[in-house]
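K.L.:
Handing you this structure, nothing more for now.
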Amino acid sequence: MLLSAGEAKNLGPSSGPNRLRDLCTFCTISLDQEEVYRTKVYEKSVSPFYSEDFYFEIPRPFQCLSFYVYAKSMFQIRDLPVGKVAIRKEDLYKYCGKENWFQLQPVDPHSEVQGKVHLEMKLNELITENGSICQQLVVQIIACQGLPLISGQNCDPYATVTLVGSDQKKTKVKKKTSDPQFEETFHFEVTRSSSYKGRSHFHVEEEDIEKLEIKVELWNNGNLAQDVFLGETRISVKILRNDHIHRAWYLLQPKGNGTKSKPDDMGSLRLKVTYTEDNVLSSACYTALRNLMLKSPDVKPISASAAHVLGDICRESVGYEALLPVVRLLLHHNRLLPFLTSVAALELENTQFKANTIFRGNSLATRCIDDMMKIVGRSYLTVTLKPVLNEIFESNKTCEIDPVKLKEGDNVEVNKENLQGYVQKVFTFITQSSSSCPPLMCDVFRSLRQLASKHFPADPHVQYSAVSSFVFLRFFAVAVLSPHTFQLRSHHPDPEISRTLTLISKTIQSLGSWGSLSKNKLVRQLLVIRCFLDEISSNVSKESSGVEDSFVLKEGEVHKRAQGRKRIGKKNFKKRWLRVTNQELSYHKQKGKEALCVIPVKNILSVEKLEESAFNRKNMFQVIQSEKPLYVQAGNCVETNSWIEVLSQVSRCNPGRLSTFHPSAYVGGSWLCCKEPNESTPGCKPCTATVLANIQLDIDCDRETERIFSFFSSNRSRLQKMEDACAGMSVYLGQQEECSAFTIQDPKETFRTIKELGEVLDDLQAHHDSKGALTDEPGTM
């Protein structure tokens, strides 16, 4: 999911005690009631400009995506809710890929619900004590799923059941669970007799039975505090008109089904949501399409391959977005390098550019290489740029050198000195980073050099231009300009830092222009850059030049379970500050305090999720080492995945990494998962992480193939046009006007590929139809 929180307008009432003009605001993003992201706090304004993007995989089912605007107050312990925007999952497609203004709605505790309830209803006939026949309504509360956390912990839920005019009935309280199993049955008698006065029996005409309604409410037992409403559902008894027994899951709804009077104008929020849901079938269903895509690097010419055809037919509708799943699939199967080499060679064959401007446009080849660098080069960017970016953000020195944009009191000479210092640091970090460049990037750069030299044999510098246009212009310069996009910083920079990053990025871009450096006779920089480009595009093994500096990869507040390192003491959960650097994992009582425990990265054997049942807590993960595992609870499901990813990345090359692990904990003398009594017993489940090309990747090939199928399906008419163009070229022996929209070098080979694709796509669509899971356009459900 890709979310963009743009800006807010006219927040809160315009006058009165709740006026927000003097308060700072921020926006949070929640899946159901679980907060997963929040923006920075923005200074006093009723129309703050957030402009923050968030991209994340959704690791669990959800019902509603919500955006909350809060105001921070110096005199209030808790932040003040201003309003919210809530979009149900089934409505996301209406807003997909487009910016929309949403009216803020009031935040009502009785409307903040999530989860579902499983129940059964049936009508029985029975004879009462006075001999009359009545009907008895039997309601069984079976279970619930996905109830919200209360104060970060699993709730203590119970259910109430009410039939109009009768007593309310109540289940037992289930302790510390979001998925309670109730299995409790309640009886409500509906009788014609008016002589019986029990509240569970009431007079109703038989023809009115269908008008009755059952209300089921879920509550969290507050013990000494007030009980908290979790949601309700109402079911009409007429649902039993055709079925003697009705059993179903019902989504919990707000109290009164959310019916409210029209609220005051609370302002509005501009949002852009891009949501993609994949209906993934069994792996065997994708074999034919997957094999056809994996065969692409071997097809001659490359333009006749299934992968290139996909890029061609999707270019008008989604640009080259369709190529990302292709890149990921080929990367997983170690088939990406020959494909990138072939498409780059094709671009050079068709190029009309000068040698010093090759690979500057947005083409199939450049997009594929861009995607490859973003996937495999993420750790490389972190190692190279994160330390200097942290310094830029924290020191916040002014670097403005444009006289028009200078503020009062600014000294242009001091600003110029600040900018030169930052640029020199970034330049040094980049040109000394060759030992960290991923092997696959080095292999691709080497191929680009060879192709460029072959195509422009008279130009000795073109081999360097080919590499610098990618590594400087499309990799480092983009990351400097937008560090939040590459997870190098958690938030967008403020305007002043953003301007500094823009100036540095422009300088980095100039480094990618080999001709510009030569023209300005920057001999020293030329030599340093040339040496760097030689190193990252050679097949010689590179060694680090010295001791690696320590820098922070991720830090934040978590709950950690006591490891039992002391013989005396409870094994409870405590709030701790967790910190990961490229050298160690540590936890602290608070941010900035001394470390309570330090685990060298080289000692980490695996990082995996922990089952909720281990400690009745959600969002748990474990860091497995030679001593006792470190059990950690993250703030939400997205944060859990982020911690696991960072820790797996930094420990990916450790010797002795485990192949199996225990998904639960060792409690009470045995492993909860496999019941083995020996604590040193090897794990009972395979580790999820896989090592590929010296980088940590978790690529679901079935899901990527499903995405490829989805792009083909939504562009089937374009595929047919390309097939017709191939047929026309074969008949008329030449390029026709309708062929100009496609790259067709060999019409017969391309026609053969398209026909094979058609058969494979039809077969896969039949599998979807049989499963009742028709695939829509990407970005819809």
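The values are calculated or read from the model by the stated rules, or taken from the named source; none is laboratory data. Quantities reported herein were computed from a predicted structural model and do not represent experimental measurements. When we count neighbours, we look across all protein chains shown, and the Cβ atoms used for this are built from the backbone with ideal geometry, even at glycine. Ligands, DNA and RNA are excluded from the accessible area calculation, which covers all protein heavy atoms including side chains. Shrake-Rupley method; radii C 1.70, N 1.55, O 1.52, S 1.80 Å.
K.L.:
Could you state how much accessible area residue 40 has, in square angstrom rounded to the nearest 10, with a 1.4 Å probe and all protein chains kept in place?
P.N.:
That residue has around 60 Å² of solvent-accessible surface.
K.L.:
Once you have the Cα-Cα distance between residue 417 and residue 274, take 0.36 nm times their residue separation minus that, and quote the gain in nm to one decimal.
P.N.:
47.3 nm
K.L.:
Then there is this: Per residue of the chain, what 222 nm ellipticity follows from adding -39500 (n - 2.57) for every DSSP H run with n ≥ 4, rounded to the nearest 500?
P.N.:
-9500 deg cm²/dmol
K.L.:
Can you tell me the length gained on complete extension of the stretch residue 317 to residue 132, counting 0.36 nm per residue apart and subtracting the Cα distance?
P.N.:
Contour length minus the Cα-Cα distance gives 59.6 nm.
K.L.:
In the range 104-144, what percent of the accessible surface is made up of carbon and sulfur (1.4 Å probe, ligands and nucleic acids excluded)?
P.N.:
Here it works out to 50 percent.
K.L.:
Accessible area per residue for the range 289-405 in Å², computed with a 1.4 Å probe and the full protein assembly in place, what is it?
P.N.:
About 37 Å² of surface per residue is accessible.
K.L.:
Calculate log10 I(q)/I(0) of the range 579-625 for q = 0.16, 0.23, 0.34 Å⁻¹, where I(q) comes from the Debye formula with a single equal point scatterer on each Cα and nothing for solvent.
P.N.:
The calculated log intensity ratios at q = 0.16, 0.23, 0.34 Å⁻¹ are -0.56, -0.91, -1.10.
K.L.:
Under 13 Å Cα-Cα from residue 174, which aspartates and glutamates qualify once same-chain neighbours fewer than 8 residues away are excluded?
P.N.:
156, 183, 184
K.L.:
What does the accessible area of residue 417 come to, in Å² to the nearest 10, when a probe of 1.4 Å is used?
P.N.:
Its accessible surface works out to 130 Å², give or take rounding.
K.L.:
Follow-up. Could you tell me which label, among (i) 1.31; (ii) 0.98; (iii) 1.12, carries the value of Cα Rg over 2.2 N^0.38 Å calculated for this structure?
P.N.:
(iii)
K.L.:
Further question: Can you give the FRET efficiency to the nearest 0.05 for residue 45 and residue 4, using r as the Cβ-Cβ distance and R₀ = 22 Å?
P.N.:
Efficiency computed from Cβ-Cβ geometry: 0.70.
K.L.:
If the reach is capped at under 20 angstrom between alpha carbons, list the lysines near residue 170, excluding any in the same chain fewer than eight residues apart.
P.N.:
In chain and number order, the partners are 116, 122, 215, 255.
K.L.:
Ignoring everything but the protein chains, give the 1.4 Å probe accessible area of residue 219 in square angstrom, nearest 10.
P.N.:
Only protein atoms counted, so the area is about 50 Å².
K.L.:
Excluding residues fewer than 8 places away in the same chain, name every one of the aspartates and glutamates whose C-alpha is closer than 17 Å to that of residue 211.
P.N.:
Straight-line reach from residue 211, under 17 Å: 189, 243.
K.L.:
Give the Debye-formula value of log10 I(q)/I(0) at each listed q (0.13, 0.22 Å⁻¹), with one equal scatterer per alpha carbon of the range 298-411, two decimals each.
P.N.:
These q points yield log10 I(q)/I(0) values of -0.68, -1.21.
K.L.:
So what are the range 359-536's ellipsoid semi-axes, whole angstrom, largest first, if each one is the square root of 5 times an eigenvalue of the alpha-carbon gyration tensor?
P.N.:
29, 19, 14
K.L.:
Here's another thing I want to ask about it. Would any residue of the range 134-152 have its amide N under 15 Å from a label point 7 Å out along Cα→Cβ of residue 120? List them or say none.
P.N.:
137-144
K.L.:
Roughly speaking, what is the stretch gain from residue 143 to residue 716, that is 0.36 nm per residue apart minus the C-alpha to C-alpha distance, in nm to one decimal?
P.N.:
Result: 201.9 nm gained on full extension.
K.L.:
Give the total of Lys-Lys pairs in the range 359-536 with Cα-Cα distances below 19 Å; include a pair only if its members are 8 or more places apart or on different chains.
P.N.:
For the range 359-536, qualifying lysine pairs total 17.
K.L.:
When the solvent-accessible surface of protein heavy atoms is calculated with a 1.4 angstrom probe, in what order do 318, 273 fall, highest first?
P.N.:
318, 273
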